[in-house]
1. Grab the helices (runs of 4 or more DSSP H) fully contained in region A:230-298, keeping just those with 2 or more residues being of a type in the set (Ser, Thr, Tyr) and open to solvent by 30 Å² or more (accessible area, probe 1.4 Å).
2. Give the residues of region A:52-74 that are in contact with a Pro (Cβ under 8 Å, 6 or more places away or on another chain) and among the hydrophobic types (A, V, I, L, M, F, W, C), sorted by residue number.
3. Would you mind telling me which numbered condition in (1) surrounded by 14 or more Cβ atoms within 10 Å (Cβ to Cβ); (2) at pLDDT 90 or above; (3) not acidic (Asp, Glu) A:GLY361 fails?
4. Being of a type in the set (Asp, Glu) and either assigned to a loop (DSSP other than H, G, I, E, B) or surrounded by fewer than 18 Cβ atoms within 10 Å (Cβ to Cβ) (or both) narrows it down to one residue among A:GLU37, A:GLU28; which is it?
5. Might you check whether a residue that is open to solvent by less than 40 Å² (accessible area, probe 1.4 Å), outside any loop (DSSP other than H, G, I, E, B), touching a strand residue (DSSP E or B) at 6+ places or on another chain (Cβ under 8 Å) and not β-branched (Val, Ile, Thr) occurs anywhere in region A:200-208?
6. Can you pull out every residue in region A:337-352 that is free of Cβ contacts under 8 Å to residues at least 24 places away in the same chain and not in a helix (DSSP H, G or I)?
7. Just one of the numbered conditions (1) buried (at least 16 other Cβ atoms within 10 Å of the Cβ); (2) among the small types (Gly, Ala, Ser); (3) within 14 Å of another protein chain (Cβ to nearest Cβ) is not true of B:SER36; which one?
8. So which residues in region A:158-179 are over 22 Å from A:PHE97 (Cα atoms) and not basic (Lys, Arg), if there are any at all?
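The values are calculated or read from the model by the stated rules, or taken from the named source; none is laboratory data. If you're wondering where the values come from, they're calculated on a predicted model, not measured in any experiment. Don't worry about glycine lacking a Cβ; one is built from the backbone with ideal geometry, like all the others, and counts go over all protein chains shown. Remember, those area values only see protein heavy atoms, side chains included, never the ligands or the DNA or RNA. Shrake-Rupley method; radii C 1.70, N 1.55, O 1.52, S 1.80 Å.
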Amino acid sequence: MDVSRIFKDESLLDLSYVPPRLPRREEELRLLRSMFEPILRKPGSVAPRAVVTGGIGSGKTALTQRFGLDFEEEARARGLNFKCIHVNCQILRGSFFMILVETVRRIIPGFPRRGFGANELLDSLLELLEDENLYVLLILDDADSLLVKEGSTPVYALTRVYESKPERPRRLFPIFVLRDPGLMRNLNHATLSYLRGSIVKLRKYGLDDMIEVLEYRASLALRSGSYLDRTIRLIADMAAPMGDARYAIELLYRAGKYAETDESPVIMPEHVRKAYQSLEYYPGLTEALRSLSRHEKLFLLAVARCLERESEEAYVTMGEVEGLYRVLCESYGEKPRAHTQLWKYMRNLSFLSLLTVNPSGRGRRGRTTYMGLNVAASYLSKVLSKMLEGV
Amino acid sequence: MGLDQEKLKLLEEVFSSRGRVRILAVLCEYGELNLSEVARKTGLNSTSTVNHLRVLTEKGLVAERRLGRVRMYRLDLGNPRVKLITEFLRRWFHIDL
């Protein structure tokens with residue numbers, strides 16, 4: 001097997017990887033710990049909660065996951081039956097019901113997926129925690145979609161769940177991870193006042209922050225001597241205006257791949273420039289695409305290919321997309337889904353802001369749905385094809 | 001000293017039924033399940049599943065708990081016989097004869 005001259009372990013540059021240390025986020029980590037520390041001192045008597053907000057790539061997910069893992073370890077070392085559960089609300093379509101099902105199933109994988117309402121399920125979850133003598137830190141990542149879809153209710157239910165059951169020990173501790181703090185204005189007054197003192201704001205990464213983050217991640221994932229200080233600096237310069245560390249890490253990874261392709265033992269600034277050119281900046285796009293099912297990817301690829309073909313058109317019809325989707329299914333060896341299912345895909349892709357949907361076109365006969373993209377069709381088509389081919 | 005008749009009866013009752021053996025194997029493999037999942041995974045109808053689960057619960061081999069409206073079933077690992085059965089099942093399924 002060939003050993004990479006660049007990467008020590010490229011999985012450590014994966015966007016889902018949670019590094020052991022988070023440079024420039026130590027203060028926020030300490031703040032979270034101090035907010036939740038009373039659980040360790042007086043388990044069952046307090047119910048801390050938090051809201052973590054910050055822009056794309058500001059480290060919200062990494063911060064909450066790192067905190068969750070460390071806190072879980074600490075609580076267990078003190079003899080508490082403690083579990084940190086991380087759920088992505090966007091992947092779960094912003095549905096409170098699905099989030100609760102997922103949470104319960106992380107504790108009992110065989111718990112049924114259907115047959116209840118959200119309130120009933122929340123009661124079952126509390127019963128389960130009691131039954132198992134379990135404490136749960138529930139990280140609700142990308143909670144924007146939950147707030148948009150369900151409004152105040154879930155936040156209210158999760159933060160004030162013990163008010164109607166004062167005799168019960170407090171066992172459920174939510175952390176809401178929000179990209180858009182403005183969404184909190186949609187919460188009702190009672191919920192908002194309950195959360196106001198528990199907000200952790202992540203400021204945008206600046207140039208120095210970005211350099212430190214990149215140096216650290218490079219030291220974990222790359223072989224020593226395979227990158228130069230000026231290469232790191234160049235990536236930081238490119239990513240700093242957006243303050244998006246995820247983008248910076250993707251640039252580093254891609255540049256490493258270009259260096260490998262060139263059979264170069266070192267990532268040179270030219271590899272970074274190539275990576276910068278090839279990696280268009282669409283914040284959060286890769287993650288959103290990864291959350292899609294295979295058929296949703298095929299459907300979106302069909303939209304992208306249709307628009308690529310009809311480069312002068314802003315929208316394509318459902319009929320055109322469906323036709324191409326069937327062709328793509330054949331070439332990828334998949335059985336095409338029925339029309340009604342494709343409608344559901346379209347609605348979900350629109351919910352994830354990957355598609356724009358117009359119900360009917362003016363001046364055209366009959367009713368059809370028109371779909372457009374916010375992302376360059378050629379770029380989307382390239383990324384999706386790679387994902388579908390498992391590259 | 002003859003065989004303990006009660007223990008013999010328990011052994012017969014548990015292992016003479018195809019349905020009960022299936023339920024034990026399924027719970028050993030998947031952990032805790034609700035009634036309809038036990039029925040689905042064993043291929044039994046729901047009446048038989050309920051009956052077999054009742055016997056296994058009475059014999060202390062399966063534990064039942066209610067979470068809201070849902071009844072969940074799992075092997076009662078506090079029972080030393082269950083430890084023996086799970087060990088046996090694991091070996092049974094993982095040895096290529």
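1. Helices (runs of 4 or more DSSP H) meeting the threshold: A:245-261.
2. A:ILE56, A:ALA62
3. Only one criterion is unmet by A:GLY361, namely (2).
4. Result: A:GLU37 is the single residue among A:GLU37, A:GLU28 that is of a type in the set (Asp, Glu) and either assigned to a loop (DSSP other than H, G, I, E, B) or surrounded by fewer than 18 Cβ atoms within 10 Å (Cβ to Cβ) (or both).
5. no
6. Answer for region A:337-352, where residues must be free of Cβ contacts under 8 Å to residues at least 24 places away in the same chain and not in a helix (DSSP H, G or I): just A:ALA338.
7. (1)
8. So in region A:158-179, the residues over 22 Å from A:PHE97 (Cα atoms) come out as A:166-169.
Within region A:158-179, A:PRO166, A:GLU167, A:PRO169 meet the criteria.
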